[in-house]
């Protein structure tokens, strides 16, 4: 074929256009990838910084409480410890969404125990004042938060440098550090406070590590049935048919049963943590067609492009999941917190034991507002022996003050927003009343045995919003 100059020119122009379009498309995809990485890393940094800040503030308020000679200032600082401790736990929980922090799964259980011990110690001091024992305990606890603050700050530096190997190394160090540390064991402060147990009772609830199932044995036993357990738990959420699965990690806590993580890694992905009792204690779902970006070091999360559900419908979806997939009855859980963010609703439920709300057994869920997918689910886990002991201990409390008598102890200037509910906090049984005060919303806690005011807690913004809605507020 004879090529004229005109044909040659047209050919090279066409080749040039194709090359230009190809380079432009690649550059556009690169920009999208870079932007996605930047957004996710920025979010991770914000949540990590929040964790670092809250741990530092706990230390600050703790030493303020130790230093002050003014009783009211001491109480104010103790209350700030309580609030920042809860916020610290919440910030750590959000970090667990990201693949670079998968090791936080077991650590979060340890941090929750640290939070429980912090609450117990603050309540102890508020009730009885400082003693030599509680003062030494508070100093030791502040040292724990200071160490955590430093370790999390190291992780923050590595995150900015994209050094994920060092992040994993730091998380492993923290995991080893918390494993045999008293402050990260459930009920440690309560055990020091309660000196009324006889030796037989203490021996009865001493966990024998030799009797606990070895994690390797657990993996071998559950390899075949793990998919069936996952399929039943995720029924109506994700079709696992045809998806390959593997057990990728195992874990064992001081007061928690042996557990393993099973992962389904294809177009639709799911990750579940299952304990030796065949209970799913955690899951995360990622649907491939709604996943914004996926890389080994990047977050996997659902992007909601279209809002089809309101918050009330999302709550209904969550409650249906708890009854149909988890096996709880409607009178066994209570919605305590709700927050809408990025086309999703984050919910916190408290379990109810004989109509008593308890923070010992919380359930956290994230529901997407496009189709109501339960993207994340997490339930605090305990050995059955420990769980039974907790319930028996709670049942041993005598309710000497009924709800009407407790209500009479409230300041009449405060507006009571709902009926009081029995509420277990550390080793106390309390009546909890949500009230509106001049500058916002509070929970007032009245001791159900003595009728005395136990403490006043700040209400989180999402909790306050719930009561505003119930009472016709904006």
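The values are calculated or read from the model by the stated rules, or taken from the named source; none is laboratory data. Remember, predicted model here, so these are calculated numbers, not experimental data. Counting neighbours? That spans all protein chains shown, and the Cβs are built from the backbone with ideal geometry, glycine included.
Which of (1) modelled with pLDDT of 85 or more; (2) out of contact with any helix residue (DSSP H, G or I) (no Cβ under 8 Å at 6 or more places or on another chain); (3) assigned by TED's automatic domain parsing to the domain that holds residue 348; (4) buried (at least 20 other Cβ atoms within 10 Å of the Cβ) does residue 371 not meet, given it meets every other one?
(4)
Each row is one residue, and each column tells you yes or no for (1) in contact with a strand residue (DSSP E or B) (Cβ under 9 Å, 6 or more places away or on another chain); (2) crowded, with 19+ Cβ neighbours inside 10 Å; (3) at pLDDT below 70.
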| residue | (1), (2), (3) |
| --- | --- |
| 73 | no, no, no |
| 83 | yes, no, no |
| 97 | yes, yes, yes |
| 104 | no, yes, yes |
| 114 | no, yes, no |
| 117 | no, yes, no |
| 121 | no, yes, no |
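Since residue 200 meets every condition but one in (1) at pLDDT below 80; (2) over 26 Å from residue 446 (Cα atoms); (3) within 24 Å of the chain's Cα centre (by Cα), which condition does it not meet?
Failed condition: (3).
Assuming residue 296 fulfils every condition listed in (1) buried (at least 18 other Cβ atoms within 10 Å of the Cβ); (2) at pLDDT below 80; (3) out of contact with any helix residue (DSSP H, G or I) (no Cβ under 6 Å at 6 or more places or on another chain); (4) more than 30 Å from residue 182 (Cα to Cα) apart from one, which condition is it?
The number of the failed condition is (1).
Please determine, by comparing only the residues of the stretch 171-190 that are touching a helix residue (DSSP H, G or I) at 6+ places or on another chain (Cβ under 7 Å) and part of a loop (DSSP other than H, G, I, E, B), which one is surrounded by the most Cβ atoms within 10 Å (Cβ to Cβ).
Once the filter is applied, the top-ranked residue is 186.
Can you pull out every residue in the stretch 406-444 that is farther than 30 Å from residue 192 by Cα and part of a strand (DSSP E or B)?
Within the stretch 406-444, 415, 416, 434, 435, 436, 437, 440, 441 meet the criteria.
One line per residue, one yes/no per condition, for (1) within 21 Å of residue 91 (Cα to Cα); (2) touching a helix residue (DSSP H, G or I) at 6+ places or on another chain (Cβ under 8 Å); (3) at pLDDT 75 or above:
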position: 134; (1), (2), (3): no, yes, yes
position: 144; (1), (2), (3): yes, yes, yes
position: 163; (1), (2), (3): no, no, no
position: 169; (1), (2), (3): yes, no, yes
position: 195; (1), (2), (3): no, no, no
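Looking at the stretch 299-322, can you tell me whether even one residue there is surrounded by 18 or more Cβ atoms within 10 Å (Cβ to Cβ), modelled with pLDDT under 85, touching a helix residue (DSSP H, G or I) at 6+ places or on another chain (Cβ under 8 Å) and in a strand (DSSP E or B)?
There is at least one residue in the stretch 299-322 that is surrounded by 18 or more Cβ atoms within 10 Å (Cβ to Cβ), modelled with pLDDT under 85, touching a helix residue (DSSP H, G or I) at 6+ places or on another chain (Cβ under 8 Å) and in a strand (DSSP E or B).
If you scan the stretch 323-337, which residues turn out to be part of a helix (DSSP H, G or I) and either in contact with a strand residue (DSSP E or B) (Cβ under 7 Å, 6 or more places away or on another chain) or in the same structural domain as residue 460 (by TED's automatic domain parsing) (or both)?
Passing the criteria: 331, 332.
Look through 429, 445, 425 and report the one residue that is more than 24 Å from residue 321 (Cα to Cα), crowded, with 17+ Cβ neighbours inside 10 Å, free of Cβ contacts under 8 Å to residues at least 40 places away in the same chain and outside the structural domain of residue 260 (by TED's automatic domain parsing).
None of the others qualify; the one that does is 445.
From the list 394, 387, which one is in a helix (DSSP H, G or I), farther than 24 Å from residue 464 by Cβ, touching a residue at least 40 places away in the same chain (Cβ under 8 Å) and under 26 Å from the mean Cα position of the chain (by Cα)?
394
What is the one condition in (1) in contact (Cβ under 8 Å) with a residue 40 or more places away in the chain; (2) assigned by TED's automatic domain parsing to the domain that holds residue 354 that residue 453 does not satisfy?
The failed condition is (2).
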